[in-house]
1. Mind listing just one residue for me: the one in segment B:17-45 that is under 17 Å from the mean Cα position of the chain (by Cα) and exposed (fewer than 14 other Cβ atoms within 10 Å of the Cβ) and, of those, modelled with the lowest pLDDT?
2. State yes or no: is residue A:310 within 22 Å of residue A:349 (Cβ to Cβ) and either at pLDDT 90 or above or within 14 Å of chain B (Cβ to nearest Cβ) (or both)?
3. When the residues of segment B:76-93 are narrowed to those that are more than 7 Å from every other protein chain (Cβ to nearest Cβ) and surrounded by fewer than 19 Cβ atoms within 10 Å (Cβ to Cβ), which ends up nearest to the chain's Cα centre (by Cα)?
4. Which one is surrounded by the fewest Cβ atoms within 10 Å (Cβ to Cβ), of the residues in segment A:549-574 that are at pLDDT 95 or above and over 21 Å from residue A:286 (Cα atoms)?
5. Return the residues of segment A:20-33 that are assigned to a loop (DSSP other than H, G, I, E, B) and buried (at least 17 other Cβ atoms within 10 Å of the Cβ); say none if nothing qualifies.
6. Considering every residue within segment A:438-450, establish whether at least one is more than 14 Å from every other protein chain (Cβ to nearest Cβ), modelled with pLDDT of 95 or more and surrounded by fewer than 19 Cβ atoms within 10 Å (Cβ to Cβ).
7. Just wondering, is there one or more residues in segment B:105-114 that are more than 7 Å from chain A (Cβ to nearest Cβ), in contact with a helix residue (DSSP H, G or I) (Cβ under 8 Å, 6 or more places away or on another chain), at pLDDT 50 or above and closer than 24 Å to residue B:6 by Cβ?
8. Which ones in segment A:104-157 are on the phi > 0 side of the Ramachandran plot and either touching a helix residue (DSSP H, G or I) at 6+ places or on another chain (Cβ under 6 Å) or surrounded by 17 or more Cβ atoms within 10 Å (Cβ to Cβ) (or both)?
């Protein structure tokens, strides 16, 4: 995001405005009030006696609420201003703005207060790509409101603007005539309410009521969210604020799709991805599992409800496939984009099983796992049938929607992310290596669920055998012998795509790497080519397409690093996992506790601070989840039957580290660790039940 | 009025006969109000079994649609989510039930048909063109 912009958000509704609170969108920027992937306000400008206001300061009170302190006039004269203007804005179903003007003078003030308002109802995809509108706009003026609407066939979206103080409405906004006594104040509430006509309720007030009240449901919900999460104790002050920032951002990114019945799951990120993404929701739920297991439950239910059933090339739907992306904007509504929902992902289906098992291990909620049994079986079947596009026993992808489907259907989804060491791009189908790791893990975990929850030993046996077979074949077929690592993919001919990438770290997480191969994989991950000092690069230095600011070809992704750290722990590389945790948490402090989507892959000795990737989304759900997962890896939290096991390996610079009240099938347990020099192997200890 | 094929009637008849294992965990009622002369269709989804009647009693969700659109929906030609986003299909009450209902619908007509080969792997051969020119699959 451009600096100087203020973002407030609540699930898939968000406002992007300038430091005065004004919105003046141009066709291609993301200023505005957005909801359901549609811009419901593109213009919202406050003037007093015809003059724009100047910002003194902005308080981000909560993720859903900001307060703007303003004075009239231009910068050269505002020091003598006798008026203060305060806008306090909270986002909900639209937004609520409390506008207050204070008169500091000995004389009364008579003012004309004007708010210009308009809406272009742009689809987020149109904002991204600058596409013209196909429907008609309408404005309806009433004595107590202005209605701005957009209509294309039966598709209608409307914005209703109203005020509590007497106001004259016209097609372009509202005007209020204000008289304020000496040292007096004046106030009005402005409400902007959005409506998807024909979909749910119309024109309810924003859900906060008055922005100033103390008993707002949003504030309560945030308090409850923070109270339910474990308490962090540490010597490292910065880590405390990173932890709090992560929990608050995760709360902000909670999104309750119309299908979830009020329960929440994580949207992917601001501003482009305030929507349900299969992969992002699953990874974020995994990262946050020890902190907020409810996200995982909703994610599993929502993704299960939308699981593919038929073959549909436009949406790339296939029986058993878990969705990639769901959108509600105009282009989705008219099937100009396939997001209703779009299924073009090769990893979410296996990851769905991984989350299902990890959720059960952590919470003991066998009821949900039983409820999801048909979906889980269909997902496992997809891996063998539709996922295996070459008939070679590996999951691969090749888009069926040639017009607007995704070329790369793995997490590195930019067009050139999968490449050979010499820079060439492979043919399709592409079987990227981490997909095989996820499939192995899904089968392995599916076998456990079949045995212990679904009570189907034969199925368990089949899955376990398939997993072992896949592991064996994979370790031969993907191995790059001259480099001693796993290549990023198999190409259309089944030959290895030989570049060295961070994907090998995901293989450790999945457990598909044979023990004797782990040592050299770890050496590569922690070596100069991949490890920048700030984190592990997506593509190793020395590969032809390496570029420190290449989105998936050199940049460092916090989410990626958190999964790799988890993988290092799985294979017993505690010191290496702690080095990554330490580097990431250092970086987080440079971003005020909020890790961006990605930062540049420059060597740490070269840049003293991590350089944010130019167009990175922030906050982004799986970056927000990264510090949470890193806390888990540092404390070595894992489940063992009914118990929580801890095996801390805390970097020395973090010192004392404790998480209190970790919820799970054991009730609530505390975990402790202390940073110590790494030569000494930290003693294995069990989580202690609370007294 | 000439009646050719009553797709809607056939759809509901067949629904009542087919067990729905995917809905094994759900109990819900829903009603479909069409702008024709008939009474609303009333569905009771009871843990994988569905009973259908013509009744205007209340339900957990009410779906309103014109008959022409609903014909397209039950034959898989129209998508419920995009129809709802366009305001042609309206849902009142628990919107989750629209997703549940979607589970009961047939897939799009111009779809690939896939039959696993004896080795368990899917075979792909060219067939008729799908809407985006993707390859059809059949064995």
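The values are calculated or read from the model by the stated rules, or taken from the named source; none is laboratory data. Note that the structure is predicted; figures quoted are calculated from it, not measured. We place every Cβ from the backbone using ideal geometry, glycine too, and count neighbours over all the protein chains shown.
1. The qualifying residue modelled with the lowest pLDDT is B:21.
2. Numbers: within 22 Å of residue A:349 (Cβ to Cβ): yes; either at pLDDT 90 or above or within 14 Å of chain B (Cβ to nearest Cβ) (or both): yes.
In short, yes.
3. Per the criteria, the residue is B:76.
4. Looking at residues that are at pLDDT 95 or above and over 21 Å from residue A:286 (Cα atoms), I get A:554.
5. A:20, A:21, A:22, A:25, A:30, A:31
6. Scanning segment A:438-450, I find at least one residue that is more than 14 Å from every other protein chain (Cβ to nearest Cβ), modelled with pLDDT of 95 or more and surrounded by fewer than 19 Cβ atoms within 10 Å (Cβ to Cβ), so the answer is yes.
7. The answer is yes, given that some residue of segment B:105-114 is more than 7 Å from chain A (Cβ to nearest Cβ), in contact with a helix residue (DSSP H, G or I) (Cβ under 8 Å, 6 or more places away or on another chain), at pLDDT 50 or above and closer than 24 Å to residue B:6 by Cβ.
8. A:121
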